[in-house]
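Engineer: The structure is given below, and queries will be raised subsequently.
All of the numbers you see were taken from the coordinates with simple rules; none came from a lab. Keep in mind it's a predicted model, so treat the numbers as computed, not measured. Please note: Cβ atoms are built from the backbone with ideal geometry, for glycine as well, and neighbour counts cover all protein chains shown.
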Amino acid sequence: MTTTTTEGVLSDTESRVLDLITEQSIVDLASALIAAAGENPGGTENDTVSVLRAACAAHGLSTRVTEVAPGRPNLVATLTGGTAPGLMFLGHSDVVPAGEGWSRDPFVPMRHGDRLIGRGSTDMKGGLAAIVLALAAIKRADVTLAGPAALFCTVDEEDLGLGIRSLTAAASAAGGIGHYRACVVAEPTDLHTVIACRGDAYIELTVQGKSAHSGRPADGRNAISAASKIIALILADHARLQANQDDLLGAGSWNVGRIEGGDGTSMVAADCRVWLDRRLMPGEDPQQIVAALAAQVTAAGIDRAGITVTFEVTMEMPGFRTSAQSPIVIQTVAAAADAGGGESPIGGWSAACDGGFIDREFGIPTIVFGPGDLNHQAHQIDESVSVTELVCAARAYALLCLRLVGEVTP
């Protein structure tokens, strides 16, 4: 039996499942997650994970918590199924600091028309709520999937990626993360289907020189001057990268985010530290990038005559690319339409996310697909998300489980 809708054709099972996804249940859970805060830096994700775990357990999902650091637990919530390959959803429990300038308390969620307002509503408490209610609807409809559908929720995505690195390291040591056909990262994409994503690396440059009186600068070795020459090399490399644009992702890029050094105006600076952001194209290795830059520094003679230069990669998030012909891509585009979300354009993403680790470490085809506006709402003052998009996302996630994983047949 099938039901014809304005979006497409749904099976009887799909219709039963989607009818169990309610707007209020999604708003209630998203609001509870927003109220749990979890600002990062700060290491305060525990309250969010507690709310999320309780909701998952109440809806019949099995849960497992692994502490990455004190008060910072990763969560895996699973809708169990048969032995066939399943579907993995990936999200994170932390949010960026609320900051100043809000028109109301950022952690007291409020609905205004179709908008749910609060820090994390778009990035990504709304997406987490949509996943949970999608899996809950399948459970309530007494549908047994042919394989598992699981939510992996990590800590520290907004800072150093401790959660995803702990998750992948533990899974690799255990022989794999599980049997999954694909991974859906529920970051905000306006329900567009993102098949390619740049990665990111934080690189810390330290330059050590020798202090001297500024009246006799030749007696010292100026670390700031040396750092400025290295920055010139970085800016030249940035320009080189921009000359080779990818249709979906643009190009890799450098940004000098912070610099400090020296002890006084009348002293030759004995030290300088520079914090760099390097956006990565899929397949790029930040260690190789650092090695190439260090070779340029040596070739230019910057690290000679009393100047010591060191680079350290302090954070790495790999990029990824999934074929537009992959089943997860084709099914997501169709599910978005059938869920009421309209057309879901296929594209790339200039931001970075944890999905690159899943693609790189386990070879699982990965996409980014979720409710919310990355560019105009995520990390913004008075952040909000469309409730309509939350519902459409939950419906699409449920359809993906039913269609990509399949139902156990009697």
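Engineer: For the range 298-326 and the range 119-164, compute the distance between their C-alpha centroids and round to whole Å.
Structural biologist: 33
Engineer: In degrees, nearest 10, range 0 to 90: what is the angle between the Cα axis of helix 126-140 and the longest Cα principal axis of the chain?
Structural biologist: Around 30 degrees separate the two axes.
Engineer: Could you list log10 I(q)/I(0) for the range 124-231 at q = 0.13, 0.23 Å⁻¹, which the Debye formula gives when each Cα is one point scatterer?
Structural biologist: Results for the range 124-231 at q = 0.13, 0.23 Å⁻¹ read -0.73, -1.41.
Engineer: Further question: Would you mind checking which residues have amide H under 5 Å from Ser62's amide H? H placed 1.01 Å from N; only 5 or more apart, or other chain.
Structural biologist: Thr78, Thr80
Engineer: Mind checking the angle between helix 23-35 and the chain's longest principal axis? C-alpha axes, 0 to 90 degrees, to the nearest 10.
Structural biologist: That works out to roughly 30 degrees.
Engineer: What list of ³J(HN,Hα) values in whole Hz, one per residue of the range 246-252 in order, does the Karplus curve 6.51 cos²θ - 1.76 cosθ + 1.60 (θ = phi - 60°) give from phi, with Gly and Pro shown as x?
Structural biologist: Computed from phi, the couplings for the range 246-252 are 8, 4, 8, 10, x, 8, x Hz.
Engineer: Shifting gears a bit: Which of Asp303, Asp12, Asp285 has the fewest other C-beta atoms within 10 Å, and how do the rest follow up to the most?
Structural biologist: Lowest to highest Cβ neighbour count: Asp12, Asp285, Asp303.
Engineer: Please compute, over every Cα-Cα pair in the range 200-317, the percentage with a separation greater than 24 angstrom.
Structural biologist: Considering the range 200-317, 30 percent of its Cα-Cα pairs are separated by more than 24 Å.
Engineer: If I build a Gaussian network model for the chain, linking alpha-carbon pairs within less than 10 angstrom, which residue out of Gly250, Gly341, Gly120 has the largest mean-square fluctuation?
Structural biologist: Between Gly250, Gly341, Gly120, it is Gly250 that shows the largest mean-square fluctuation.
Engineer: In whole percent, what relative contact order does the range 143-253 give with Cα contacts below 8 Å and a gap of six or more residues?
Structural biologist: Computed value for the range 143-253: 13 percent relative contact order.
Engineer: If you take every DSSP beta bridge fully contained in the chain, what fraction is antiparallel? Give it as a percent rounded to 5.
Structural biologist: Beta bridges within the chain, antiparallel portion: roughly 75 percent.
Engineer: On to the next question. Report the convex hull volume per residue for the chain, counting only C-alpha atoms, in Å³.
Structural biologist: About 147 Å³ per residue, rounded to a whole number.
Engineer: Where does each of Asp200, Asp382 land when they are ranked from fewest to most other beta-carbon atoms within 10 angstrom?
Structural biologist: Asp382, Asp200
Engineer: I need the phi-derived Karplus couplings for the range 218-224: 6.51 cos²θ - 1.76 cosθ + 1.60, θ = phi - 60°, integer Hz, Gly and Pro marked x.
Structural biologist: So the Karplus estimates, Gly and Pro as x, are 5, 6, x, 9, 7, 5, 5 Hz.
Engineer: Multiplying the sequence separation of Thr310 and Thr409 by 0.36 nm and subtracting their Cα-Cα distance, what value in nm do you get?
Structural biologist: 29.7 nm
Engineer: Given the -39500 (n - 2.57) contribution per DSSP H run of 4+ residues, what per-residue ellipticity at 222 nm results for the chain, rounded to the nearest 500 deg cm²/dmol?
Structural biologist: -10000 deg cm²/dmol, from helical runs alone.
Engineer: Here is a follow-up. Test of understanding: ordering Tyr202, Tyr180 by Cβ neighbours within 10 Å, fewest first, what list do you get?
Structural biologist: Fewest-to-most Cβ neighbours within 10 Å comes out as Tyr202, Tyr180.
Engineer: Does anyone have the angle between helix 286-299 and the longest principal axis of the chain? Alpha-carbon axes, 0 to 90°, nearest 10?
Structural biologist: Roughly 20 degrees between the two axes.
Engineer: Would you kindly state how much longer the chain becomes between Asp142 and Arg115 on full extension, computed as 0.36 nm times their sequence separation minus their alpha carbon distance, in nm to one decimal?
Structural biologist: Residue separation times 0.36 nm, minus the Cα-Cα distance, leaves 6.5 nm.
Engineer: Using 0.36 nm per residue, how much length does the chain from Ala232 to Gln245 gain when fully extended, once their Cα-Cα distance is taken away?
Structural biologist: 2.5 nm
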